[in-house]
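**Student:** For reference, the structure I am asking about is given below.
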Amino acid sequence: MSEPNAAPVQVVVLGGSGYVAGEVVRLLASHPGFALAAVVSESRAGATVAEAFPHLAGTIDGLAFSDFEALPALFASASGDRRRFALVSAAPHGASAALVARAIALAESAGVTLSVVDLSADFRFAEAARYEAVYGHPHPAPGLLARFVRALPEHSSWAPGESASVCIAHPGCFTTAVLLAVVPLLALGVAEPRFAVTAITGSTGSGRGLSDKTHHPARRSNIAAYSPLAHRHAPEMAALAAEAAGVRPEIDFVPLSGPQARGIYATVHGRLAAARRGASAAEMVGELAKFYAGSPFVAVAGTPPALTDVVGTNRARLGVACAGGSLAVTVAIDNLVKGAAGGAVQWLNRIYGFDETAGLAAASLGWF
């Protein structure tokens, strides 16, 4: 646990110029327990962070992007209680693992402690073979897979222990939304282990890179499905649901690109278990609310949520409906916060003994 007067934990952010990294920087800039030690971007090294994220000007003035080669000196110069570091990787899928492996090796060589939260898909499977089957290439750092805890904070009993260094693989944004609905249904035994999921995501989920499908004129006032029943994150959903609930579900997943900049709205449709076919929506709300009673960011209701309930926050809103043995859970999250940067900060809070809501208590924007 962190002492109230201890020096802030130094945080390194990789993949620093992307949308997710910008949200990590925004959240950490005002966090009482963390200090930004380096924001790494090879393409923007030397430029100020505020140039990439003008909306953060005034909160991060003087902070410049560095390249990866700055890390050895950073770790070597640490002393006393400033030898605690955290690393949040917002680097792309396929590139993050090698960078994380290098950072861990540098920290070990320098004798500093380094905990990691990886936001890519690189450590979300426990076995290298399963990763290769989904992504089509060998895992870049298979020797590190055993070190990682892979779960949402709400679905893991992991707590700070004796280990000085912790590695977390945070699920992706679509997966976060789906797991929030599916895991309690499976863990409580109230639904059959097969779900049909339709989820619409904002354009920030595609990152800064521009393409015909992510260009604003193509998405404005438009909705389109992509990779239906073949999306690469569907196996991740099933694997992580099985780890969290002890039951491996079948998940038929259809993602849609929406006209909004941020936010995911998912509908998870299933069948009540045979023994629960007569259950009412009120009963299901009560059971899911009890499941999440210790989770400050999750709220469950009998009415569907709105995306504006959660935009800009680490909160998740679930709405439950039942009819004739059929069950539908609607889920609203912010893809950049609860689905990525906010989840990372939530994990860091737990790792370093801060209140889980520290730096994450802001209300929704309401309109965007």
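The values are calculated or read from the model by the stated rules, or taken from the named source; none is laboratory data. All values derive from a computational prediction rather than experimental measurement. Don't worry about glycine lacking a Cβ; one is built from the backbone with ideal geometry, like all the others, and counts go over all protein chains shown. The area values use the complete protein model at the heavy-atom level, side chains included, leaving out ligands, DNA and RNA. Shrake-Rupley method; radii C 1.70, N 1.55, O 1.52, S 1.80 Å.
**Student:** Rounded to the nearest whole Å³, what is the per residue volume of the convex hull around the Cα atoms of segment 28-128?
**Tutor:** Looking at segment 28-128, the number lands at 123 Å³ per residue.
**Student:** While we're here: For the chain, what does the convex hull of the Cα positions come to per residue, in cubic angstrom?
**Tutor:** 139 Å³
**Student:** Pairwise over distinct Cα atoms, reciprocal of the mean inverse distance: report the Kirkwood radius of segment 215-368 in Å, one decimal place.
**Tutor:** It works out to 17.2 Å.
**Student:** For ARG194 and ALA57, what does the FRET efficiency come to when R0 = 51 Å and r is the distance between their Cβ atoms, rounded to the nearest 0.05?
**Tutor:** 0.55
**Student:** Considering only GLY205, GLY258, GLY189, give the residue with the highest GNM mean-square fluctuation for the chain, with springs between Cα atoms whenever their separation is below 10 Å.
**Tutor:** Of GLY205, GLY258, GLY189, the most mobile in the Gaussian network model is GLY189.
**Student:** For VAL134 and SER43, what is the calculated FRET efficiency with R₀ set at 25 Å and r taken between the beta-carbons, to the nearest 0.05?
**Tutor:** 0.40
**Student:** Continuing with this model, one more query. What residue among VAL88, VAL311, VAL166 shows peak mean-square fluctuation when the chain is described by a Gaussian network model with Cα springs under 10 Å?
**Tutor:** VAL166
**Student:** What accessible area per residue comes out for segment 1-144, rounded to a whole number of Å², with a 1.4 Å probe?
**Tutor:** 41 Å²
**Student:** Under a plain spin-label model, where a point goes 7 Å from the Cα along Cα-to-Cβ, how far apart in nm are GLU69 and PHE368?
**Tutor:** Distance between the two pseudo-spin positions: 3.8 nm.
**Student:** Mind telling me which of ALA224, ALA21, ALA126 comes out most flexible in a GNM of the chain, alpha-carbon contacts under 10 Å?
**Tutor:** Of the options given, ALA224 has the highest mean-square fluctuation.
**Student:** If you find the alpha carbon centre of segment 293-337 and of segment 41-101, how far apart are they in angstrom?
**Tutor:** When both Cα centres are located, 33 Å separates them.
**Student:** Right, next: Starting from the 7 Å offset along Cα-to-Cβ, what nm value, one decimal, do you get for the label separation of ALA159 and THR308?
**Tutor:** 4.1 nm
**Student:** Taking only C-alpha pairs under 8 Å that are 6+ residues apart, what is the relative contact order of the chain in percent?
**Tutor:** That works out to 17 percent.
**Student:** Does segment 102-180 come out rounded, prolate or oblate by the C-alpha gyration tensor, with a ≥ b ≥ c the root eigenvalues, rounded set by a/c under 1.5 and, if not, prolate when a/b is larger than b/c and oblate if not?
**Tutor:** oblate
**Student:** Stretch ASP252-SER30 to full length: gain in nm at 0.36 nm per residue minus the Cα-Cα span?
**Tutor:** 75.9 nm
**Student:** So what is the accessible area of segment 217-368 per residue, in Å², with the probe set to 1.4 Å?
**Tutor:** 40 Å²
**Student:** Using helices alone, what [θ] at 222 nm do you get for the chain, with -39,500 (n - 2.57) per DSSP H run of 4 or more residues, divided over all residues and rounded to the nearest 500?
**Tutor:** -7500 deg cm²/dmol
**Student:** When the dipole is taken about the Cα centre of the chain, and only Lys, Arg (+1) and Asp, Glu (-1) are charged at their Cβ, what size is it in debye, to the nearest 20?
**Tutor:** Once rounded to the nearest 20, the dipole reads 620 debye.
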